[in-house]
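Have a look at the structure below before the remarks.
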Amino acid sequence: MTAHKTLEVGGLEPPTEYHPSVWQREREAYRRRQTFRSFVIATISTAVVGVTLVLVITGSPGWERVKQTFFNAEVALDALPAVAEGLWLNLRLLVGCAIGALTVGLLTALARTLRGPVFFPLRALATLYTYGFRGAPLIIVLYLLVFGVPGLRLSGTPSVLVLGGIALVITYGAYLAEVFRAGIESIHPSQVAAARSLGLTYRQTMRHVVLPQAIRRVSPPLLNDMVALQKDVGLISLAGPIDAIRAAQIETAQSYNFTPYVVAGVLFILLAIPLIAVTDWVTLRAARRQSAEGAR
Amino acid sequence: MTTSEPISPTTPRSDPGPGDRPDADDFSGLVLRCRGIRKSFRGNLVLRDLDLDVAEHDVVVLIGASGSGKSTLLRCVNLLEPIDDGTIHLDGEHITAPQVNPDRVRQRIGMVFQAFNLFPHMTVLENITLAPERVHKVPRATAREKAMALLKRVGLADKAHEYPDRLSGGQQQRVAIVRTLINSPRLLLLDEVTSALDPELVGEVLTMIRDLKNEGMTMVIATHEMGFARQVADRVCFLEGGRILEQGPPEQVLGDPVEARTRRFLQRIIEAGRLS
Ligand SMILES: Nc1ncnc2c1ncn2[C@@H]1O[C@H](COP(=O)(O)OP(=O)(O)OP(=O)(O)O)[C@@H](O)[C@H]1O
Ligand SMILES: [Mg+2]
């Protein structure tokens, strides 16, 4: 045990008081000067661009009109309840579709990684699905499901909202499947060999060893797709349900003023900010972990 | 071969062909018995009709040139690679029979790899308790207790809650060995477990393996460390041309080999400065 201890000298404590060398002090001073200069240049250029933009726009001959039709506080306040109610639908759809698409994507990816002739039909089906639905435009899938399926006049046909959600789930599921698959295949086979050598079954190996690592690795692109999904959820209004943008459109038609669209846009951005922030944070963490792995 | 005495390296062996039904008597005292192992990768024949017996408490060291099939043999024994022909028996049970569940077999065999292969998303403790909890259905508290006891024995108790990438290579490899020891394997397969280590870290891993030998662990070890082979082996097997060309006590195989090709291999090793 003592023998191990002597091997672990890790972080060396400086034996006496530490004085940086002349070179080190000069390097640090130089770095400080550089940082300061970059900061000043960036600040000034940002300010110049900003002020110029504001002056050009507000000084333009049509500014008063534009302000009236796009940034009318009164109209905004009037439109807010309807648009917010539409946004609530967006939000519910987003959560439902996200869960659905993630599940479909993960299951498809798992099916595509199965080996052996027994699984050929499953694998082929999963491959066909990812090929087909990554190519198909979302709007066409949406129209086919929302207008085509009720046209069959089967009893128990789900509502347009559910059908639209299904269209989103199968389209996004195909994309997410490829993201998951890339993650699974990025895990080195030696990890699987180690797990199997411990007696874990294929399923246990996937669940406890491969998937946790794979999902961590692809969480930045996954979250990015969630941000994209959040916007595409609005397409469902093409089939009837009133989401935030459709609500804004109705308001606009009544008031002949475009401010409701701006309200909807701002609400969308507000909704996206937390998701984007989480994405950035996860990406940063993944990058840091990778550089830590690389530094070993 | 007589039934009672443990297999000794110098005992001449009558080899049944790969398809022959092995005599029940042949298994007494044998943990591992390979007969007529054949394995190829896309037409590249790596093992051809290889035979290997490992008696209980025996330490067998596999040596041979790079690409001679040492790793392949270990992976075949652990059923990580399907064999193309031959039979493998573990404790007298035919583990390459068609209806055998490989997962059940691997629960009784431990394997340690050159690159450690610890799970990077789990702490040291989680790495070690994964198989006991999930495979052997040991209660979590018991598994943790046992893991801590083992870690303590190898001087790594203070690293239990670290992630593997915070450990040195030698520490990681010792954790990897503990991870398989906790399952009380009947047979331990070690594949060049020190090759990825800095020279000053090799010692701590080798010490651990020597301790295991003294405790009676049955092991098959692939290695390029001839000095270590000499110290720890009960028998050294030289792999060449897909089979075991020469085997015997370390002094004989490493010191005074019969076969010219073994001599040549050892000569090259000496020239490379690896025979200590
Ligand atoms: N999964 C695989 N696919 C194809 N060929 C393989 C595979 N694994 C091993 N081989 C081939 O089998 C042969 C034996 O490889 P193996 O790794 O068993 O040798 P080794 O004796 O362990 O060598 P080393 O001392 O370098 O570890 C090599 O020619 C190798 O290229
Ligand atoms: Mg090898």
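The values are calculated or read from the model by the stated rules, or taken from the named source; none is laboratory data. Quick caveat, the model's predicted, so the values are computed rather than measured. Every residue, glycine as well, gets a Cβ built from its backbone with ideal geometry; the counts of neighbours run over all protein chains shown. Note: areas computed on protein heavy atoms with side chains; ligands, DNA, RNA excluded. Shrake-Rupley method; radii C 1.70, N 1.55, O 1.52, S 1.80 Å.
What to note about this one:
- Helices of chain A meeting both criteria, an alpha-carbon length of 15 angstrom or more along the long axis and an average Kyte-Doolittle score not below 0.0, with helices taken as full DSSP H segments, are A:22-59, A:73-113, A:120-135, A:160-185, A:259-295.
- Per-peptide average of other Cβ atoms within 10 Å, ordering B:238-251, A:136-149 highest first: B:238-251, A:136-149
- A simple packing score, the average count of other Cβ atoms within 10 Å per residue, orders the peptides B:71-80, A:196-205 as B:71-80, A:196-205, with the highest score first.
- Size check on segment A:99-177: the Cα extents along the three principal axes, sorted descending, read 41, 23, 22 Å.
- Annotation for segment A:84-126: trypsin sites (Lys or Arg not before Pro) lying in DSSP loop with at most 11 further Cβ atoms inside 10 Å of their Cβ are A:Arg115.
- Crossing angle, helix B:260-271 versus chain B [Cα axis fit, 0-90 degrees, rounded to tens]: 40 degrees
- For segment A:46-125: accessible area per residue (Å², 1.4 Å): 65 Å²
- DSSP-defined beta bridges in segment B:175-276 - what % are antiparallel, rounded to 5: 55 percent
- In the B-A interface, the accessible area buried, summed over both sides, Å² (probe 1.4 Å): 2400 Å²
- Label-to-label distance, nm, for residues given as A:Phe36 and B:Phe41 (7 Å Cα→Cβ offset): 6.0 nm
- Dmax and Rg, reported as Rg then Dmax, of segment A:81-225 (C-alpha, Å): 18.1, 60
- Relative frequency of Cα-Cα separations exceeding 34 Å in chain B, percent: 19 percent
- FRET efficiency estimate (nearest 0.05) - Cβ-Cβ, A:Val118 to B:Gln267, R0 45 angstrom: 0.35
- Reachable aspartates and glutamates from B:Lys152, criterion Cα separation under 18 angstrom, eight or more residues apart if same chain: A:Glu8, B:Glu126, B:Glu162, B:Glu204, B:Asp211, B:Glu215
- Across the cross-link table entries B:Lys159/B:Lys213; B:Lys39/B:Lys146; B:Lys146/B:Lys213; B:Lys70/B:Lys159; B:Lys137/B:Lys213, which are compared at the Cα atoms, the separations over 30 Å belong to B:Lys39/B:Lys146; B:Lys70/B:Lys159.
- C-alpha center-to-center spacing [segment B:54-84, segment A:51-110] in angstrom: 64 Å
- Computed over segment A:89-143, the percent of Cα pairs more than 13 Å apart is 68.
- For residues of B:87-96, the mean tally of beta carbons on other chains within 10 Å: 0
- Projected area averaged over orientations for segment B:119-185, convex hull of C-alpha atoms, nm²: 4.0 nm²
- Rg/Rh, computed from the Cα trace of the protein assembly as shown with Rh as the Kirkwood radius, has the value 1.12.
- Alpha carbon centroid spacing (whole Å) that separates segment B:161-194 from segment A:166-188: 34 Å
- One quarter of the convex hull surface built on the alpha carbon atoms of segment A:206-252 amounts to 4.6 nm², the projected area averaged over directions.
- For residues of B:160-172, the mean tally of beta carbons on other chains within 10 Å: 2
- C-alpha long axis of helix B:199-214 to longest principal axis of chain B, angle in °: 70 degrees
- Residue mean of other protein chain beta carbons inside 10 Å, B:99-111: 3
- Per-residue [θ]222 nm for the protein assembly as shown (sum of -39500 (n - 2.57) over DSSP H runs n ≥ 4, rounded to 500): -18000 deg cm²/dmol
- When each of the peptides A:52-58, B:55-61 is scored by the mean number of other C-beta atoms lying within 10 Å of its residues, the order from highest to lowest reads B:55-61, A:52-58.
- Taking the protein heavy atoms of chain A in the context of the full set of protein chains, the accessible area attributed to carbon and sulfur is 69 percent at 1.4 Å.
- Placing A:Thr279, A:Thr127 in order of accessible area, with the largest value first and a 1.4 Å probe, yields A:Thr127, A:Thr279.
- Chain B, relative contact order in percent, only Cα pairs under 8 angstrom and at least six apart counted: 24 percent
- Normalised contact order of chain A, rounded percent, pairs of Cα under 8 Å and 6 or more residues apart: 27 percent
- Largest-first principal axis extents, alpha carbons of chain A, Å: 81, 67, 28
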